[in-house]
Amino acid sequence: DTAVSQTPKYLVTQMGNDKSIKCEQNLGHDTMYWYKQDSKKFLKIMFSYNNKELIINETVPNRFSPKSPDKAHLNLHINSLELGDSAVYFCASSQGHRDEQYFGPGTRLTVT
Amino acid sequence: KQEVTQIPAALSVPEGENLVLNCSFTDSAIYNLQWFRQDPGKGLTSLLLIQSSQREQTSGRLNASLDKSSGRSTLYIAASQPGDSATYLCAVRRQGAQKLVFGQGTRLTINP
């Protein structure tokens, strides 16, 4: 009974393509996040949504566009993929921004 | 700007030993601090959350302490087991901020 799930788990694609990653949580949380973990394992926040409203938007290229159709879902669409986008992308959720965050299993994106 | 540092980057100990992982942060005005565990190719699992008003939290063989004034937290693991092998990450939420700032983690190996 997965709490935070992501699809796909692996994604291999060529430069210039457009791809999406989906995230769903069944914890009833109102806040969701996207993080990027680079090759050095450094984890940085990209976006956060609270009740479908964008709260955090770090310095991320405009090619990345999050979409939250409802409180339980937060998708990440990436246009014109570049080699440097290769990383593991994690979705997370919490109840408000102050509570414990729960992470999904990650999506390993490889751009060739 | 909040910076989080974890030392050492890697640690290898024999099974059964007690050990301490360190986390330091530059801005002591934090709201809470969270310790996570990450297994290879997996997502993050929350271990302990310490609020700024707390000094420590315990869960089973794990004990996390917090000293805001010195900008430090430690994760104590008692009677280590091979199953404890993983990367341990600490993350800090600054007061008034809505995001977690992560350290780069300590890769722990418990040798049977």
Can you give the average number of partner chain beta-carbon atoms within 10 Å of each beta-carbon in peptide A:97-105, as a whole number? 5
What do you get for Rg/Rh of the protein assembly as shown when both radii come from the Cα atoms and Rh is the Kirkwood radius? 0.97
Which of B:Ala86, B:Ala78, B:Ala97 ends up with the largest GNM mean-square fluctuation for chain B, with Cα atoms connected below 10 Å? B:Ala97
Given A:10-16, A:71-77, A:23-29, the highest-first ranking by average Cβ count within 10 Å works out to A:71-77, A:23-29, A:10-16
Which whole number gives the average, over all residues in B:100-107, of C-beta atoms from other chains lying within 10 Å of the residue C-beta? 4
Under a 10 Å cutoff between Cα atoms, tell me which one of B:Leu100, B:Leu47, B:Leu66 has the largest fluctuation in the Gaussian network model of chain B. B:Leu100
Paired Rg and Dmax values of the range A:3-43, which use every Cα atom, in angstrom: 12.9, 36
Write down the radius of gyration of the range B:55-112 and its Dmax, each obtained from C-alpha positions, in Å. 13.3, 44
From the protein chains alone at 1.4 Å, what is the descending order of accessible area for A:Asp18, B:Asp39, largest first? A:Asp18, B:Asp39
Beyond 23 Å, what share of the Cα-Cα pairs of chain A is found? Please give it as a whole percent. 21
Mind checking which lysines have their Cα closer than 17 Å to the Cα of A:Lys44? Skip sequence neighbours fewer than 8 apart in that chain. A:Lys36, B:Lys1, B:Lys42, B:Lys99
Gap in Å between the Cα centre of the range A:1-43 and the Cα centre of the range B:56-112? 24
Taking Rh as the Kirkwood radius computed over C-alpha pairs, what is the Stokes-Einstein D of the range A:67-112 at 25 °C in a medium of viscosity 0.890 mPa s, expressed in µm² per second? 197
Radius of gyration and maximum dimension Dmax of chain B, Cα, Å: 13.4, 44
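The values are calculated or read from the model by the stated rules, or taken from the named source; none is laboratory data. Note that the coordinates shown come from a computational prediction; the quantities given were computed from them, not determined experimentally. All Cβ positions, even for glycine, are placed from backbone atoms using ideal geometry, and neighbour counts span all protein chains on display. Just so you know, the surface numbers come from the protein's heavy atoms only, side chains and all, with ligands and any DNA or RNA stripped out. Shrake-Rupley method; radii C 1.70, N 1.55, O 1.52, S 1.80 Å.
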